[in-house]
């Protein structure tokens, strides 16, 4: 399993699009930091704004980047990993060897989840450094109306939980994208299909709006609002999409 993971990991970073995405994340972090610093405020919701400071800057930077990550960069990265390797024949080169399809799929998911973690870690470290350089730190902070105040240590823990929920949302997005990519080998069709699915969630129940309104949803979840519908829908999407992809991979002939 380790060898398959390392093989998948090397193929991911050998693709130019991965490095381009890596650079784009850094540039977007810098650009969003500049825009937030000029405005001096962060929007919890469309109608609720709070002044920025060192303790809340990390969550608002990710909230600004969340739309681009979930709507453009990550779908592009996921589709390229699944469909690009199918088109290039990389699957055939791997599966002609005595490798289990299940293990290859798990290695692919694990490596992409690791890349998601790297992207979020970059944003988190960047936001922590920029926040403490650009702003002063109050003795306590309340992130959402009606929430208790957090100390500096508590605010750091809140930020970690905020990023962790984004990570879970992106794992669900990975499941949806891998499912669509598995039934649509054409990369362009797969990409626009996942974009259409993400847009369609705006017309679904509110508990499914987190693919586009991920920052606002995460604030609400950490405040205890809509906690069970959020995790119920998230867990359902993860289990259903990953299970369907596993079934497709077990039956599909990737050698042809």
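The values are calculated or read from the model by the stated rules, or taken from the named source; none is laboratory data. Quick caveat: nothing in here was measured; it's all calculated off a predicted structure. Using ideal geometry, Cβ is built from the backbone for each residue, glycine included, and neighbour counts are taken over all protein chains shown.
If you check 165, 188, which single one turns out to be touching a helix residue (DSSP H, G or I) at 6+ places or on another chain (Cβ under 8 Å) and either under 23 Å from residue 24 (Cβ atoms) or modelled with pLDDT of 95 or more (or both)? Spell out the reasoning first.
Values: 188 fails: touching a helix residue (DSSP H, G or I) at 6+ places or on another chain (Cβ under 8 Å).
Exactly one residue qualifies, and that residue is 165.
Which residues, taken from the stretch 141-174, are in a loop (DSSP other than H, G, I, E, B) and either touching a residue at least 40 places away in the same chain (Cβ under 8 Å) or within 16 Å of the chain's Cα centre (by Cα) (or both)?
Result: 143, 144, 145, 146, 147.
Against the condition surrounded by 12 or more Cβ atoms within 10 Å (Cβ to Cβ), more than 19 Å from residue 117 (Cα to Cα) and touching a strand residue (DSSP E or B) at 6+ places or on another chain (Cβ under 6 Å), how does residue 52 come out, does it pass?
In short, yes.
Here is a check on your reading of the model: is residue 177 modelled with pLDDT of 90 or more, more than 18 Å from residue 79 (Cβ to Cβ) and part of a helix (DSSP H, G or I)?
no
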